[in-house]
Amino acid sequence: MDLSDIGPVEYAVMAFPGNRFRGEIAAELLRLTDQGVIHIIDLTFIKRAADGSVQILELDALDAEEAELFARIDGEVSGLLSDEDLQLIAEEIPADCSAAILVWEDTWATGLAKAVRRADGILIAHERVPASIVERDVAAIAT
């Protein structure tokens, strides 16, 4: 893959109480990849038991029911995250929780990223505004 063709890449760690994935995420990831909004680069799972022990699982290591939820999603699932990265993330997962670690390319923004590179532009800042701040500010405007 030519690096000049890659759009912005992001990652997220999403934790869920209990150690089961129910499928809501898989359905939305399928929709986003099918529509070309994102391209999945890596998808890894972490399960932390109530006693604090940790399992780090690639998609093919999930039980059959959980793996089936993600089977139709197009992506590379390349193992981009290192063991060290995953161990650091695992330390942040609460006990008796499962987590999905997702690395994706924002394919919707690839054209913009290419245009910035062609113009010798430099990305100075990129932050995601937390939902709680947006909700607070929208509520303040509405009153």
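A short reminder: the numbers here are calculations on the coordinates, not readings from a lab. Bear in mind the structure is a predicted one, so any value in this text is a computation, not a measurement. Methodologically, a virtual Cβ is constructed for each residue, glycine included, from the backbone with ideal geometry; neighbour enumeration extends over all protein chains shown.
Show me, for region 22-27, the HN-Hα J-couplings you get by feeding each phi into the Karplus relation (A = 6.51, B = -1.76, C = 1.60, θ = phi - 60°), rounded to Hz, glycine and proline as x.
My calculation for region 22-27 gives 9, x, 4, 5, 4, 4 Hz in order.
Run lengths n ≥ 4 of DSSP H only: what is the helix-derived mean residue ellipticity at 222 nm for the chain, with -39500 (n - 2.57) per run over all residues, to the nearest 500? The partial results should precede the final answer.
On the way: 5 runs with 49 residues, N = 143.
So the helix-based figure for the chain works out to -10000 deg cm²/dmol.
Give me the net charge of residue 72's neighbourhood, meaning all other residues with Cβ under 13 Å from the Cβ of residue 72; Lys, Arg count +1, Asp, Glu -1. Mind dumping the intermediate values first?
Numbers: positive: 31; negative: 28, 34, 68, 74.
Surrounding charge for residue 72 is -3.
Which cross-chain or sequence-distant (5 or more) residues have an amide H under 5 Å from the amide H of residue 9, H modelled 1.01 Å from N in plane?
106
Quick one: compute a quarter of the convex hull surface over the Cα atoms of region 3-110 and quote it in nm².
6.6 nm²
Pop out the ³J(HN,Hα) list for region 57-68 in order, Karplus 6.51 cos²θ - 1.76 cosθ + 1.60 with θ = phi - 60°, rounded to Hz; leave Gly and Pro as x.
Result, ordered by residue: 10, 7, 3, 6, 9, 5, 5, 4, 5, 5, 4, 4 Hz.
At 0.36 nm per residue, and after removing the present C-alpha to C-alpha distance, how many nm does the segment from residue 30 to residue 114 gain when stretched out fully?
The residue 30-residue 114 span can extend by a further 27.7 nm.
So for region 3-110, taking the charge dipole from beta-carbon charges (+1 Lys/Arg, -1 Asp/Glu), which of 73, 38, 16 sits furthest toward the positive end?
The residue sitting farthest along the positive end of the dipole is 16.
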